[in-house]
Amino acid sequence: MSNISFMSSNIDILRAYYNHVNGVYDTDFPDAPKYYFDFTADRLPSNLWSPKLSTEVNVLEYNTNVELVFQSTSLVLFTDHPMHLHGYSFYVVGIGLGNFDKDKDPLNYNLVDPPLVNTINVLVNGWTTVRFKADNPGVWFMHCHLEIHSSWGMEMAFIVKDGKSTDKNMLPPPSNMPPC
């Protein structure tokens, strides 16, 4: 995602976050792709064939309104991507083919009655836009549900910070929680 292949660490991110263990993950996951190009072209720039390998997360303040645009490419395999976010359902506000156009495509978003789901199929050479409110504190994994794609690092994590009151804080991990 954003040309970063997720790498698992020896300590799971949830445990590291809750126990304030440094050095397990970086918090600089980009809010936008570093490079913009024709994502659906037959040939992609060769510098994008080797993604950065990293354990980066996107940190969200409690109650942040989040919009994600999943842009599929023609890189490696021509297949759809069933994207799943743990801990949340999200509203599917837009779907299209080709490259997402930030100036034109949002004008056609369904903001009246968008479907609420926890997994969305991103069409090959297409895009899907989802929205959710980050109101569930904790560490939440997002990944492609095709196991081979997850094994290639097509996944990332969100850390949603605690809210202002104790009923809006992350619960501690159970004492018998197995390691990831």
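Quick check for you: with a 1.4 Å probe and neighbouring chains kept, what is the accessible area per residue of the range 86-136, in Å²?
56
Beyond a 23 Å Cα-Cα separation, which of these cross-linked pairs lie in this structure: Lys34/Lys133; Lys102/Lys164; Lys102/Lys168; Lys133/Lys164; Lys133/Lys168; Lys34/Lys168?
Lys34/Lys133; Lys102/Lys164; Lys102/Lys168; Lys34/Lys168, as the Cα separations exceed 23 Å there.
At 7 Å along Cα-to-Cβ for each site, give me the label-to-label distance between Lys133 and Ser8 in nm.
3.4
Would you mind getting me the FRET efficiency between Glu61 and Ala41? Use the beta-carbon distance for r and R0 = 45 Å, nearest 0.05.
Efficiency computed from Cβ-Cβ geometry: 0.80.
The values are calculated or read from the model by the stated rules, or taken from the named source; none is laboratory data. In this text, all values refer to a predicted model and were calculated from it rather than measured experimentally. We place every Cβ from the backbone using ideal geometry, glycine too, and count neighbours over all the protein chains shown. Quick note on the areas: whole protein, heavy atoms, side chains included, nothing else; ligands and nucleic acids left out. Shrake-Rupley method; radii C 1.70, N 1.55, O 1.52, S 1.80 Å.
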